[in-house]
């Protein structure tokens, strides 16, 4: 076999493993969402429970939904949700936004990362 074929096969194999790992991470994120978030948050646009809808949360300004009554802490925040800010918030919500009303005492690193991948995947889904 030509050397380029072996290199291409190796790259394809690595891509498949990476894709498989990402899919597993997203599935784990869905499990985390159902166990820790679903009681208070929906993924459907405009559907609010105790917490605001997380529909297209990534890229959205913190406290940015006009039809949800946020805590003063979230209303005063001046940044957007992205993977980094979600990671910080989900690790310790009170440390990032003191006075918020989120009932979460923080998630460990692996569950946080899986949950963030799941939220990202929901925005990419058709």
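Here the relative contact order of the stretch 25-124, from alpha carbon pairs under 8 Å that lie six or more residues apart, stands at 34 percent. Residues 38, 70, arranged from fewest to most other Cβ atoms within 10 angstrom of their Cβ, appear as 38, 70.
Counted by neighbouring Cβ atoms within 10 Å, the residues 71, 53, 20 run from fewest to most as 20, 71, 53.
Applying 1/(1 + (r/R0)^6) with R0 = 25 Å to the Cβ-Cβ distance of residue 60 and residue 20 gives a FRET efficiency near 0.25. With each label modelled as a point 7 angstrom along the Cα→C-beta vector, the residue 123-residue 105 pair spans 3.0 nm.
Each of 25, 109 was scored by other Cβ atoms within 10 Å of its Cβ. Arranged with the fewest first, they read 109, 25.
Readers should treat all values here as calculations from the given coordinates under stated rules, not as data from a laboratory. Note that the structure is a prediction, hence the values are computed from the model and not measured. Don't worry about glycine lacking a Cβ; one is built from the backbone with ideal geometry, like all the others, and counts go over all protein chains shown.
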